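Only one structure is covered here, and it is reproduced in the block below.
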Amino acid sequence: DNRIVYGGGAAEISCSLAVAEESDKIEGIEQYAFRAFADALESIPMALAENSGLSSIGTVTDLKAKQIQQSNPKLGVDCLAVGTNDMEEQKVMETLLSKKAQISLATQVVRMILKIDDVRVPES
């Protein structure tokens with residue numbers, strides 16, 4: 001599979017928006033799980049922004065708004081501050097296979113942690 005997704009957190013923001021939109025269609029407690037997953041997807045672009053010296057919350061909020069307004073899922077974190085957030089123009093891409101593996105692995109780790117129901121602290 002040689003398909004690609006745009007990097008710079010663009011794919012994660014786009015997925016976050018899609019999951020959040022679906023969560024509005026769900027009733028009951030499952031809606032909260034969908035919203036939490038959508039929020040978790042935003043951690044990658046937030047980390048990219050913060051590590052680039054940008055305001056993480058401000059940058060991600062701005063990108064979400066731009067992706068919605070412009071219907072452009074290619075907008076991501078401009079780490080190099082070249083003035084564009086279009087990851088296609090900046091040639092920032094990742095393989096779909098690796099992106100799916102990253103999200104799947106992170107989800108599996110969280111599920112394993114949530115299964116823990118007891119923590120033992122050794123006595124000194």
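Quick notes
- When Ala49 is tested against the conditions (1) modelled with pLDDT under 95; (2) loosely packed, with under 12 Cβ neighbours inside 10 Å, the lone failure is (2).
- Matching residues, segment 16-36, being within 16 Å of Ile68 (Cα to Cα) and among the basic types (Lys, Arg): none
Here's the yes/no breakdown for (1) β-branched (Val, Ile, Thr); (2) under 12 Å from the mean Cα position of the chain (by Cα); (3) under 14 Å from Gly8 (Cβ atoms):
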{"position": "Phe37", "(1), (2), (3)": "no, yes, no"}
{"position": "Ala40", "(1), (2), (3)": "no, yes, no"}
{"position": "Ile44", "(1), (2), (3)": "yes, yes, yes"}
{"position": "Glu50", "(1), (2), (3)": "no, no, yes"}
{"position": "Gly53", "(1), (2), (3)": "no, no, no"}
{"position": "Thr59", "(1), (2), (3)": "yes, no, yes"}
{"position": "Gln67", "(1), (2), (3)": "no, no, yes"}
{"position": "Gln70", "(1), (2), (3)": "no, no, no"}
{"position": "Asp78", "(1), (2), (3)": "no, no, yes"}
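- Scanning segment 85-124 for residues that are surrounded by fewer than 14 Cβ atoms within 10 Å (Cβ to Cβ) and more than 25 Å from Phe37 (Cα to Cα) returns Glu89, Lys91, Arg120, Val121, Pro122, Glu123, Ser124.
The values are calculated or read from the model by the stated rules, or taken from the named source; none is laboratory data. Being a predicted model, the structure only gives us computed values, none of them experimental. Cβ coordinates were reconstructed from backbone atoms using ideal geometry, including for glycine residues, and neighbour counts include every protein chain displayed.
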